[in-house]
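Structure first, then comments.
The values are calculated or read from the model by the stated rules, or taken from the named source; none is laboratory data. All of these numbers come straight from a predicted model, not from anything done at the bench. Virtual Cβ from ideal backbone geometry, glycine too; neighbours counted across all protein chains shown.
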Ligand code: ADP
């Protein structure tokens, strides 16, 4: 029973076909440069050579047509016919306040996703294009939308409201939504399994640290705190995003530099974060190497990031109101960088967090990396958003 998972970005489509009998990947791939010159599909099926398909793909519909063709191709396809795709799960970035869980897509759901475009003008439009193209190409196949925001809908108002006039919440829906929800949910479910606890008894602080980063305070298995906000610009300094800053900096810069709001927005989204501080790279691997070579600004960028993560761990320990079972690391940095995990945990011993340096010496696999004496466990749990999407899709369409 195969579920196709589709993640449409503005110029890319990531996909995975997962056999839900054993939750194994049948094939996966990425379409790059959709709508641009040089569009290409790269598909990797376990046990087969990588397939590279270069075709002109002027929009998402054409790209999906080639993608589906690649899945069933006689020579290198992973399945024999489209009938072997039971349902399609679509990643949708913003579900606003309407969706607290995944839903089967119908006309009404599409309308709500379209209403959310205002809240996620960069992300929801390509998601919608992907859904519409799939509906056209596979009219009989059920489709499910899985939202990045849904997991955080359990937050209460004192965690999601901003202290600006209440009318702007009512008028425009300005509040904290939170993102990376599918990842935080997967890690929550998996951590409960690993610790052999009921999800409803699980309290963790999940550190999704990648190109984009967010922490999630999970209490009784539900999201109660996240440091991502109204948009994914909030919280920690990220690869190129500023994270939280004093909002007055925006108007100050507009005035001093004589630049528009769009220009400031670009600076905060694309030129800031660890790239902006280091002037070197948004990739944490580059920064770790540069710091080793004595680059002071690379060191400063990493110091800022590390201090940010520590502060949020402390804040969520304080607001949990109950014992925390584990600090969990996931995503590109969280799964792979023993160095940054060590530096983040360094000095947190007084909060009952004791990292075991030798257990920490791992990459990309599930593990408990704290000392046996540590009151709060420290864990690495690699995320799997695609599998979470496929599971929700199967559950809703079975
Ligand atoms: P995205 O948010 O785009 O999904 P990922 O979760 O894949 O990002 O994380 C990508 C980031 O992870 C890269 O930018 C890189 O900085 C970081 N990363 C990957 N491997 C390592 C490593 N071994 N050490 C430090 N950072 C790493």
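Observations, loosely collected:
- Given (1) surrounded by 14 or more Cβ atoms within 10 Å (Cβ to Cβ); (2) in contact with a strand residue (DSSP E or B) (Cβ under 9 Å, 6 or more places away or on another chain), number of the condition residue 9 does not satisfy: (2)
- Flag if residue 313 is more than 30 Å from residue 104 (Cα to Cα) and more than 16 Å from the ligand (Cβ to nearest atom): yes
- Residue 318 vs. criteria away from the ligand (no atom under 16 Å from the Cβ) and within 30 Å of residue 25 (Cα to Cα): no
- Taken together, the residues in the stretch 342-375 that are touching a helix residue (DSSP H, G or I) at 6+ places or on another chain (Cβ under 7 Å) and not in a loop (DSSP other than H, G, I, E, B) amount to 5.
- Residue 292 vs. criteria at negative phi, within 14 Å of the ligand (Cβ to nearest atom) and exposed (fewer than 15 other Cβ atoms within 10 Å of the Cβ): yes
- For residue 223, the criteria (1) within 16 Å of the ligand (Cβ to nearest atom); (2) in a strand (DSSP E or B); (3) touching a helix residue (DSSP H, G or I) at 6+ places or on another chain (Cβ under 7 Å) hold in every case but one, which is (1).
- Any hit, the stretch 6-14, residues being over 21 Å from residue 76 (Cβ atoms) and assigned to a strand (DSSP E or B): yes
- Any hit, the stretch 124-131, residues being at negative phi and loosely packed, with under 15 Cβ neighbours inside 10 Å: no
- Residue within the stretch 243-254 that is modelled with pLDDT of 95 or more, surrounded by 13 or more Cβ atoms within 10 Å (Cβ to Cβ), within 16 Å of the ligand (Cβ to nearest atom) and assigned to a loop (DSSP other than H, G, I, E, B) present: yes
- Close pairs from the stretch 312-337: first at positive phi, partner surrounded by fewer than 20 Cβ atoms within 10 Å (Cβ to Cβ), Cβ under 7 Å, at least 6 apart: 331/210
- Residue, nearest to the chain's Cα centre (by Cα), within the stretch 52-65, restricted to residues that are in a helix (DSSP H, G or I) and surrounded by fewer than 18 Cβ atoms within 10 Å (Cβ to Cβ): 61
- Residue within the stretch 193-211 that is assigned to a loop (DSSP other than H, G, I, E, B), crowded, with 21+ Cβ neighbours inside 10 Å and within 16 Å of the ligand (Cβ to nearest atom) present: no
- Candidates 240, 231, filtered to the one that is modelled with pLDDT under 95, on the phi < 0 side of the Ramachandran plot and within 16 Å of the ligand (Cβ to nearest atom): 231
- Residue count for the stretch 338-386 satisfying the condition of being touching a residue at least 60 places away in the same chain (Cβ under 8 Å), away from the ligand (no atom under 15 Å from the Cβ) and over 25 Å from residue 288 (Cα atoms): 1.
- Within the option set 311, 395, 307, 359, being in contact with a strand residue (DSSP E or B) (Cβ under 7 Å, 6 or more places away or on another chain) and surrounded by fewer than 19 Cβ atoms within 10 Å (Cβ to Cβ) holds for one residue only, 359.
- Subset of the stretch 97-114 [surrounded by fewer than 20 Cβ atoms within 10 Å (Cβ to Cβ) and over 13 Å from residue 392 (Cα atoms)]: 97, 98, 106, 107, 108, 109, 110, 111, 112, 114
- Filtered residue count, the stretch 161-182, keeping only those that are out of contact with any helix residue (DSSP H, G or I) (no Cβ under 6 Å at 6 or more places or on another chain) and either buried (at least 20 other Cβ atoms within 10 Å of the Cβ) or in a loop (DSSP other than H, G, I, E, B) (or both): 10
- Yes/no for residue 328 being surrounded by 21 or more Cβ atoms within 10 Å (Cβ to Cβ), assigned to a helix (DSSP H, G or I) and in contact with a helix residue (DSSP H, G or I) (Cβ under 8 Å, 6 or more places away or on another chain): no
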